[in-house]
Amino acid sequence: MKTLFLDCGAGVAGDMLLAALLELGADLADVEAAVRSLGLPELRLKTEEVRRHAFRATRLSVEHPPESKHRHLSDITEMIDGSDLTTRQKEMALAVFTRLAQAEARVHGHVIEKVHFHEVGAVDSIADVVGSCVALDLLGVQRIVCSPIPTGSGIIDIAHGKVSVPAPATAELLAGIPLAESPGEGELTTPTGAALVSTLVQEFGAAPAMTVQRIGYGAGSRDPDSHANILRALLGEMSLVNPGPAAADYQTDRVWQMETNLDDVPGESVAYACERLLARGALDVWTTPTQMKKGRPGVTLSLLCHCDDVAEMQEVLFRETSTLGVRRWLTQRTKLRREEKAVQTEWGEVAGKVAHLPGQPPRFAPEFSSCREIAALENVPLEAVYRAARRAFAHESGEPTQGPTS
């Protein structure tokens, strides 16, 4: 497994991480092209070798025309959705900015849709986040481990005035993550850096058992007297120890979960919206009874979808329901390996799926729509078709019959 270990003894910022990833071998021209496809054609990424105390490192700078506008999450989402980034790159970048927006919303007491980014919505910060996600993908990183994070100390100036270190959003992002004693004063970990590591890192602690292949050094913008302001990134291979029997039968992927609360929509409209979501590519759709403001009964409409379908799912929710806002977040799921399978019964062919559980016989699940069609056509009970399909699969595979047979 290709593994990246981030040694953040001097903290972490977006430009430090991207610079280290470029030293590891991510192509600068490819990263720059990807970031420029966000609608930033005049942007340039520049690197130079610098010294931090007695150590060399790469310093990254982002050159672009001056601007003064602040962006909302929807603005950045639109930039990413319309870019040339790959699906995985989009998923990572959207996840980072969504997590950052959630932290800002909690700090300021807003809903996520009303959060507008100040420093993090600037072009250089967008380039740092998106560029880092692109570089990680180009390097083929499968797992990221990170050391405990020092935040720094003292007082800094942000768009909302003077605040203590860590800045409010940074502290919110690092909740639940091990912190380290800071080697010096000032802001060592920025909101951008905190958003990247808190979203993309799978494990925090010491360097894992791995064979190191390359090392990259990313320099921070400051050069304090107290310490070398460098982020060190180690890229290598980590062996999977005792992965368990038939581990290849487990599959993982990342999908988006979206949901909205409804309390003024007829049940028929909710059902129709669910049908439209499934027809447009949703992986799963479900509803949950809930209680809304003033004691009104309502329903939470939830779905899972791939990154490329997020915009389409959102369009269906806004068009087919009365919702004023949709929540979404990136989640990871583990799946059993499965494939489609058709079996022959006395009434005809029944479609289904076969799932493979490690160490267990394969499981066959007949498709409801296929069974229903045969039951209606042959005027036989639906359950009889299910039983016949399971018997047919058991006969073909040589396995014991699954489920009730009579």
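What follows is calculated from the coordinates using simple rules that are stated; it is not laboratory data. If you're wondering where the values come from, they're calculated on a predicted model, not measured in any experiment. Reconstructed Cβ throughout: ideal geometry from the backbone, glycine too, with neighbour counts over all protein chains shown.
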Candidates Ala384, Ala101, Ala93; GNM for the chain (alpha-carbon contacts under 10 Å) flags as most fluctuating Ala384
With springs only between Cα atoms under 10 Å apart, run a GNM on the chain and tell me which of Cys307, Cys371, Cys133 wobbles the most.
-> Cys371
Can you list the HN-Hα couplings for segment 331-344, worked out from phi with the Karplus curve (6.51, -1.76, 1.60; θ = phi - 60°), rounded to whole Hz and with x for Gly and Pro?
-> 9, 10, 10, 10, 10, 7, 5, 9, 8, 6, 8, 10, 10, 9
With a point put 7 Å past each Cα toward its Cβ, work out how far Arg106 is from Ala355 in nm, to one decimal.
-> 3.2 nm
With a 10 Å Cβ neighbour count serving as the proxy for reagent exposure, in which order, fewest first, do Ile374, Ile144 appear?
-> Ile144, Ile374
Exposure proxy ranking, count of Cβ atoms within 10 Å, fewest first, for Ser37, Ser61 = Ser61, Ser37
Of the listed pairs Lys69/Lys162; Lys69/Lys293; Lys46/Lys162, which have alpha-carbon separations greater than 24 Å here?
-> Lys69/Lys293; Lys46/Lys162
Fluctuation leader among Pro150, Pro358, Pro41 - the chain, Gaussian network, Cα springs under 10 angstrom | Pro358
Contour excess over end-to-end distance, with Cα ends at Arg319 and Val212 and 0.36 nm allotted per residue = 33.4 nm
Computed lengthening from Leu28 to Gln332, 0.36 nm per intervening residue step minus Cα-Cα distance | 106.5 nm
Around Thr290, what is the net charge, scoring Lys/Arg as +1 and Asp/Glu as -1 over all other residues with Cβ under 15 Å from its Cβ?
-> +1
Between Lys46 and Glu67, the two model label points (7 Å from Cα along the beta-carbon direction) sit apart by a distance in nm of 1.9 nm
Distance between modelled label sites at Ile158 and Asp81, nm, 7 Å Cα→Cβ extension | 2.7 nm
So how far, in whole Å, is the C-alpha centre of segment 293-358 from the one of segment 117-194?
-> 34 Å
Which length gain, in nm to one decimal place, applies between His395 and Ser269 when the Cα-Cα distance is subtracted from 0.36 nm times their residue separation?
-> 41.0 nm
Proximal lysines relative to Lys2, as straight alpha-carbon distance under 26 Å, when same-chain residues fewer than 8 apart are discounted = Lys90, Lys335
Give the order of Phe5, Phe368 when sorted by the count of other beta carbons within 10 angstrom, beginning with the fewest.
-> Phe368, Phe5
Labelled set [x] 83, 54, 39; [y] 58, 49, 39; [z] 81, 45, 38; Cα extents along the principal axes in Å computed from this model equals the value at [x]
Helix-only [θ] at 222 nm, the chain, -39500 (n - 2.57) per DSSP H run of 4+, per residue, nearest 500, equals -10500 deg cm²/dmol
Sites Ser226 and Gln251 - FRET efficiency at Förster radius 56 Å, r taken between beta-carbons, to 0.05 | 0.75
Amide H to amide H, which residues 5 or more places from Thr345 or on other chains are under 5 Å from it, using H placed in the peptide plane?
-> Val350
